[in-house]
Amino acid sequence: MADYTIFYTDDDEDDISIFTDAVDSIPREIKLQTYSGGEKLLNAIFNPPTTPYVVFLDLNMPGKNGFDVLEELRSAEYKKDIPVVIYSTSSEPSIIEKCRALGANAFITKPILMSDIIKSIEHAIQVEWDKFVPTQSNFVFKF
């Protein structure tokens, strides 16, 4: 059983709490690090030692939003391979396409049901990100 480190960034404390509960219910060794904004996430990523297996990134945050964070990660040569899953309330096709164009690895519209939140996290840790190539057909994870 592999160990996974997930970074989750969201400005909504309720969403962070729900995501944390979902991770805690998964019978795998997962270390979750949560951040309440884009700047805090970038500080964590650019000040190692921890490199996450995957980053779940909300788009709509004050200060540095998810688009800003994604652009900054993808422009940093030594960090651009970190898998980023956009985790947003949006399901707008233009937003999804913008995320793909900016270099996100996947897009998940935030589920309502706890079982679907768990499925989205399990999906993200089962992907072999170093081999995964996002395409228009596999970029959006659906339940």
> All but one of (1) within 22 Å of Val133 (Cβ to Cβ); (2) among the hydroxyl-bearing types (Ser, Thr, Tyr); (3) assigned to a loop (DSSP other than H, G, I, E, B); (4) under 15 Å from the mean Cα position of the chain (by Cα) hold for Ser90; which doesn't?
Replying inline: (1)
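Given the residues Asp130, Asp58, which is the only one that is surrounded by fewer than 12 Cβ atoms within 10 Å (Cβ to Cβ) and charged (D, E, K, R)? Steps first, answer last, please.
Working: Asp58 fails: surrounded by fewer than 12 Cβ atoms within 10 Å (Cβ to Cβ).
Step by step, each of Asp130, Asp58 is checked, and only Asp130 is surrounded by fewer than 12 Cβ atoms within 10 Å (Cβ to Cβ) and charged (D, E, K, R).
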>> Anything in the stretch 100-120 that is open to solvent by less than 60 Å² (accessible area, probe 1.4 Å), closer than 19 Å to Tyr53 by Cα and assigned to a helix (DSSP H, G or I)? List them, or say none.
In response: Ile117, Ile118, Ser120
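Inspect the stretch 60-72 for any residue being assigned to a helix (DSSP H, G or I) and closer than 21 Å to Thr20 by Cβ and give the result as yes or no.
Of the residues in the stretch 60-72, the ones assigned to a helix (DSSP H, G or I) are 66-72.
Cutting the leftovers down to closer than 21 Å to Thr20 by Cβ gives us 66, 69.
Checked the stretch 60-72: at least one residue is assigned to a helix (DSSP H, G or I) and closer than 21 Å to Thr20 by Cβ.
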> Across the stretch 1-27, which residue is nearest to Pro48 (Cα to Cα) among those that are part of a strand (DSSP E or B) and not hydrophobic (A, V, I, L, M, F, W, C)?
Replying inline: Thr5
> Which of the following residues is in contact with a strand residue (DSSP E or B) (Cβ under 7 Å, 6 or more places away or on another chain), modelled with pLDDT under 95 and of a type in the set (Gly, Ala, Ser): Ala44, Ala76, Ala2?
Replying inline: Ala44
>> Looking at the structure I just gave you, is Pro52 surrounded by 13 or more Cβ atoms within 10 Å (Cβ to Cβ), in contact (Cβ under 8 Å) with a residue 24 or more places away in the chain, out of contact with any strand residue (DSSP E or B) (no Cβ under 9 Å at 6 or more places or on another chain) and outside any helix (DSSP H, G or I)?
In response: no
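Go through the stretch 65-81 residue by residue and tally those that are open to solvent by 10 Å² or more (accessible area, probe 1.4 Å) and either within 15 Å of Leu41 (Cα to Cα) or within 14 Å of the chain's Cα centre (by Cα) (or both).
10
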> If Glu92 passes every condition in (1) open to solvent by 60 Å² or more (accessible area, probe 1.4 Å); (2) within 17 Å of Ile125 (Cα to Cα); (3) at pLDDT 95 or above but one, which one does it miss?
Replying inline: (2)
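The values are calculated or read from the model by the stated rules, or taken from the named source; none is laboratory data. The shown structure was predicted, so the numbers you read here are calculated from the model rather than taken from an experiment. Methodologically, a virtual Cβ is constructed for each residue, glycine included, from the backbone with ideal geometry; neighbour enumeration extends over all protein chains shown. Side chains included, ligands, DNA and RNA excluded: accessible areas come from the protein's heavy atoms. Shrake-Rupley method; radii C 1.70, N 1.55, O 1.52, S 1.80 Å.
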